[in-house]
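The block underneath contains the structure these notes are about, expressed in structure tokens.
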Number of protein chains: 2
Amino acid sequence: MANLKDLAEHLGLSQATVSRALNGYSTVNAETRRKVQEAARLLNYRPNTSARRLATGRAGAFGLVLEQSDNLLNDPHFVDFLSGFTQELAAQDLDVVLTSAEGLATYRRYASTSKVDGFVISAPKVKDARVAALTEMAFPFVVHGQTEADAPYAFYDIANERAFLDATRLLLNLGHRRIALINGPADTMFARQRLDGFHKALAEKGLPPDPRLIHHATMSEDEGYALTRQLFAGSEAPTAILCSSTLQTLGLTRRLREEGLEMGRDVSVISHDDGLSSMKTENFSVPLTVTRAPIREAGQEIARMLVALGNGASVETQQKTAPVELIVRASTSAAPQE
Amino acid sequence: MANLKDLAEHLGLSQATVSRALNGYSTVNAETRRKVQEAARLLNYRPNTSARRLATGRAGAFGLVLEQSDNLLNDPHFVDFLSGFTQELAAQDLDVVLTSAEGLATYRRYASTSKVDGFVISAPKVKDARVAALTEMAFPFVVHGQTEADAPYAFYDIANERAFLDATRLLLNLGHRRIALINGPADTMFARQRLDGFHKALAEKGLPPDPRLIHHATMSEDEGYALTRQLFAGSEAPTAILCSSTLQTLGLTRRLREEGLEMGRDVSVISHDDGLSSMKTENFSVPLTVTRAPIREAGQEIARMLVALGNGASVETQQKTAPVELIVRASTSAAPQE
DNA sequence: GAAATTATAGAAAGCGCTTTCAATAACCCG
DNA sequence: CGGGTTATTGAAAGCGCTTTCTATAATTTC
């Protein structure tokens, strides 16, 4: 494995020149650069990552810590996120470093040992301790979502509140009055935002929220099933359901059939759709009406933001709320006549 | 951020001694070590990762490259794998480095720049080029699954052939004769193994395989749905179906209901179950008979193997085929009388 | 008590790169 | 043609750690 010294000796040049030639500095003669590049290719030279990192002080990698207790990361949408995130960074020769931990210690350690140049904060809580800690350390990070914070921070979010406001309005305009919400975990910010949108739409019509119709759950098939069952167990069954994830909706669908109810006729359903490659809502038996925001794009965009922060961009310039599409398909229809 | 030099000066010791004290070398006085450790804690000293890596020549990380064209990595089971893999490594202060690429170049580059100390090879093909390349480079790796190779290599596999042999036998013994197989992609080794098991069981009964009942597909809900629809379109519908993933089975379930068929009564179904945390097969409307092997454990075990290889273990000692449980639940029953 | 161990700590040489600073050669201008 | 650029390269100093090789002091051995 040739190193810089070998290459320099082979060329009869100094290491400095070779390094400069390879790294695209303008102060090196065009012909020299050509030779260097050719020799590098010939000797199959690759700069040692650790050495370069030590010299430059940059890790060339961004971190993502998997909180084991956080089942949000255990659901399929995370794969799509990761895929987009990784691909975008790889295109710029940057890595993603994954680790697993509970609590803030790991963030501190990774930052202070310069293992990574920044973090992405996944599944932020309503008030997220990680954001506070990293802000205080002045270490770069981008939040996937938002949180309540004292200082500005970089984030990429989707218009959750607006999406669920629109979705609820749609159902209300179709005449539905008993609308259920199967939401994400109560301590996550996106669930809060969606709940806000839901409430707002009800309030517009002067309708009070019915706590029996509002549920928080993990993003699993099981939970979607169990909650749907529960919703239809009593006498006050909903005529429409808002659901926070495709996986939950899959469970919901399963239960609805058992109840002998047809989606889009007996019960209207709107699901949030992260655009997962393994579950296409347009191909459901009854094509789903959805609020749609591909999570893969979140991964890509957050990667770009992280890079920008690394290049000195200010936190204020790295804040983005992506729109959410409301796509109406067959799973929604006018409320049944009483 | 204190570095080694600071710490040494603060203590009035040499960097060498401090380094030795911190790294647990026996040649340092117990009292000295105590002082060093205390000072390190006090000054919040953390050795710089890049510097250490450069000095030791070890990356302290293992790599996983996401092949973008490979939709196997786009399915939920990958999250569970990754979770187990990462957790196990994190426990030993090792990272996982993710990158995205097509082809072998990335493996070469990451190996030669010592970005990682080894790779895990996911979703191996029947004859996998990555395995051949890494073997030739004498770079450590563990295959998640198996492949046809010229030389021995480290792998963690599950007993796919045996599992599908047993599952098919079960169906045959229940009197089924028209058994369909919804398998994984044709070029993957695990799909090949499962097909072999399937064929073997049929052969035991002297039954010829019917190509119309054998399908290869990606591990998506859609495909499960589409193929099930196709299976029941003709006149020669199956009475039992073997399915390669929970997600496909979800699609299958969806279609079966549309066909007006009840799982476990009209049609027997056995699904492979990776033990995904977001989809529990025991909670299906009709609890599923499954071949079960938690993929999270694969992640953990492969992490251990990689570490062992790094510590000089021979490839031959790092080969494991984990058993697959056959769990009989309500989705299988005797074949309907003709 | 002298010679030989052993315990402990320091000096210094890397690891392989980047980058500042200095040096030289080539070029420009009036 | 001489002083002043400008283009190009090299020397060398790190980056922060590990580790070999020495050196010294303390201890043991007969």
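Magnitude of the Cβ-charge dipole of the stretch A:160-293, K/R +1 and D/E -1, about the Cα centre, nearest 20 debye? Intermediate values should be presented prior to the final figure.
On the way: 16 positive and 17 negative charges, 57 e Å.
So the magnitude is around 280 debye.
Grab the beta carbon distance between A:Asp196 and A:Arg108, set R0 = 41 Å, and tell me the FRET efficiency rounded to 0.05. Walk me through the numbers before you get to the answer.
Values: r = 33 Å, r/R0 = 0.79.
It comes out at approximately 0.80.
Per residue of chain A, what 222 nm ellipticity follows from adding -39500 (n - 2.57) for every DSSP H run with n ≥ 4, rounded to the nearest 500? Intermediate results must be reported in sequence, preceding the final value.
Details: 12 runs with 138 residues, N = 338.
Theoretical 222 nm ellipticity from helices: -12500 deg cm²/dmol.
Taking K and R as +1 and D and E as -1, what net charge do the other residues with C-beta under 10 Å from the C-beta of A:Ile270 add up to?
Values: positive: A:Arg329; negative: A:Asp166, A:Asp273.
Net of charged neighbours comes to -1.
What's the average, rounded to a whole number, of partner chain beta-carbon atoms within 10 Å of each residue's beta-carbon in A:74-84? Mind showing how you got there, number by number?
Working: counts 9, 6, 11, 3, 6, 9, 1, 0, 8, 7, 2.
Per-residue shielding by partner chains comes out at 6.
From the C-alpha gyration tensor of the stretch B:4-47, pull out the three semi-axes of the equivalent ellipsoid (sqrt of 5λ each), sorted largest to smallest, in whole Å. Write down the numbers at each step before the final one.
On the way: eigenvalues 42, 21, 18 Å².
They are 14, 10, 9 Å, listed from largest to smallest.
Determine the distance separating the Cα centre of the stretch B:258-294 from the Cα centre of the stretch A:96-133; give it in Å without decimals.
Using only Cα atoms, the two centres lie 38 Å from each other.
Please compute, for the alpha-carbon atoms of the stretch B:160-293, the extent along each of the three principal axes and give them in descending order in Å.
Here the Cα extents, ordered largest to smallest, are 36, 33, 26 Å.
Divide, for the stretch B:1-86, the radius of gyration over alpha carbons by 2.2 N^0.38 Å, where N is the residue count. Spell out each step's value before the answer.
Working: Rg = 19.6 Å, N = 86, 2.2 N^0.38 = 12.0 Å.
With N residues counted in the stretch B:1-86, Rg over 2.2 N^0.38 Å equals 1.64.
Report the closest approach of any chain B C-beta to the axis of the B-to-A rotation: residue and distance, in whole angstrom.
Taking the axis that maps B onto A, the answer comes out as B:Pro76, 2.
So what is the orientation-averaged projected area of the stretch B:57-198, using the convex hull of its C-alpha atoms, in nm²?
Numbers: hull surface 38.6 nm².
Value for the stretch B:57-198: 9.6 nm².
How tilted is helix A:295-310 with respect to the longest principal axis of chain A? Cα atoms for both, answer in degrees (0 to 90, nearest 10).
Around 40 degrees separate the two axes.
According to a simple spin-label model (label point 7 Å from Cα along Cα-to-Cβ), what is the distance in nm between A:Asn29 and A:Ala203?
Going from the A:Ala203 label point to the A:Asn29 one covers 7.3 nm.
Give, as a single signed number, the net charge of other residues whose beta carbon lies under 10 Å from the beta carbon of A:Leu94, with Lys and Arg counted +1 and Asp and Glu -1. Each step should come with its number before you reach the end.
Details: positive: A:Arg58; negative: A:Glu88, A:Asp93, A:Asp95, A:Asp117.
Surrounding charge for A:Leu94 is -3.
Amide H to amide H under 5 Å from A:Ile241: which residues, 5+ apart in sequence or cross-chain, H placed 1.01 Å off N in plane?
When sequence neighbours closer than 5 places are left aside, the close amide H contacts are A:Ala180, A:Ser268, A:Val269, A:Ile270.
So how tilted is helix B:160-173 from the main axis of chain B? Cα-based, degrees 0 to 90, rounded to 10.
Between helix and principal axis, roughly 20 degrees.
Would you work out the relative contact order for the stretch B:4-47, in percent, from Cα pairs under 8 angstrom that are 6 or more residues apart?
Working: 31 pairs, mean separation 17.2, N = 44.
Answer for the stretch B:4-47 is 39 percent.
Taking the Cα centre of the stretch A:99-228 as origin, work out the dipole magnitude from +1 charges on Lys and Arg Cβ and -1 charges on Asp and Glu Cβ, in debye rounded to 20.
Numbers: 15 positive and 16 negative charges, 45 e Å.
Taking the Cα centre of the stretch A:99-228 as origin, the dipole is about 220 debye.
Would you pull out the residues with amide H under 5 Å of A:Leu326's amide H, same chain only if 5 or more places away, H placed 1.01 Å from N?
A:Arg292
Just how much of A:Ser244 is accessible, in Å², when a 1.4 Å probe is used and the result is rounded to the nearest 10?
0 Å²
From the residues A:Ala101, B:Ile179, A:Ala334, which one has its Cα farthest along the dipole of the protein assembly as shown in the positive direction, the dipole being from +1 and -1 charges on Cβ of Lys/Arg and Asp/Glu about the Cα centre?
After comparing all options, I get A:Ala101.
Can you tell me which aspartates and glutamates have their Cα less than 16 Å from the Cα of B:Lys115? Leave out same-chain residues fewer than eight positions away.
The reachable aspartates and glutamates, counting only those whose Cα sits under 16 Å from B:Lys115, are A:Asp93, A:Asp95, A:Asp117, B:Asp93, B:Asp95.
Given charges of +1 on the Cβ of Lys and Arg and -1 on the Cβ of Asp and Glu, with all other atoms neutral, how large is the dipole of the stretch B:4-47 about its Cα centre, in debye to the nearest 20? Could you put the intermediate results ahead of the total?
Details: 7 positive and 4 negative charges, 26 e Å.
Result for the stretch B:4-47 is approximately 120 debye, rounded to the nearest 20.
To test your reading of the geometry: what angle, between 0 and 90 degrees and rounded to tens, separates the Cα axis of helix A:189-204 from the longest principal axis of chain A?
So the inclination is approximately 40 degrees.
Between the label point of A:Glu148 and that of the same position in each other copy, find the distances and list them shortest first in nm, with every label point placed 7 Å from Cα along the Cα-to-C-beta direction.
Relative to the other copies, A:Glu148 has label-point distances of 6.2 nm.
Calculate the mean, over all residues of peptide A:110-121, of how many other protein chain Cβ atoms lie within 10 angstrom of the residue's Cβ.
Details: counts 3, 2, 8, 8, 6, 8, 2, 0, 0, 0, 0, 0.
That works out to 3 on average.
Rg and Dmax of the protein assembly as shown, Cα atoms, in Å?
Looking at the protein assembly as shown, its Cα Rg and Dmax stand at 27.8, 90 Å.
Treating the point 7 Å from Cα along Cα-beta-carbon as the label, what are the nm separations from B:Glu136 to the other copies, to one decimal?
Shortest to longest, the spacings are 5.4 nm.
Below 16 Å, Cα to Cα, which lysines can B:Lys35 reach? Residues fewer than 8 away in the same chain don't count.
Reachable lysines: B:Lys5.
Which lysines, if any, have their Cα less than 25 Å from the Cα of B:Lys320, not counting same-chain residues under 8 positions apart?
Candidates past the 8-residue exclusion: B:Lys125, B:Lys127, B:Lys200.
If you bin the C-alpha pair distances of chain A every 10 Å from 0, what whole percents do you get?
Final binned percentages: 5, 23, 26, 18, 13, 7, 5, 2, 0.
For A:Thr321, list long-range residues whose amide hydrogen, built 1.01 Å from N in the peptide plane, is under 5 Å from its own amide hydrogen.
Answer set, sorted by chain and number: A:Asp157.
How much FRET efficiency would the formula 1/(1 + (r/R0)^6) give for B:Arg229 and A:Glu148, where r is the Cβ-Cβ distance and R0 is 56 Å, rounded to 0.05?
Values: r = 47 Å, r/R0 = 0.85.
Efficiency for this residue pair is about 0.75.
Averaged over peptide A:235-247, how many Cβ atoms belonging to another chain are found within 10 Å of each residue's Cβ?
Details: counts 0, 0, 0, 0, 0, 0, 0, 0, 0, 0, 1, 1, 6.
Rounded to a whole number, the mean comes out at 1.
The values are calculated or read from the model by the stated rules, or taken from the named source; none is laboratory data. Computed from a predicted structure; not experimentally measured. Ideal geometry is used to build each Cβ from the backbone, glycine not excepted, and the neighbour counts take in all protein chains shown. Ligands, DNA and RNA are excluded from the accessible area calculation, which covers all protein heavy atoms including side chains. Shrake-Rupley method; radii C 1.70, N 1.55, O 1.52, S 1.80 Å.
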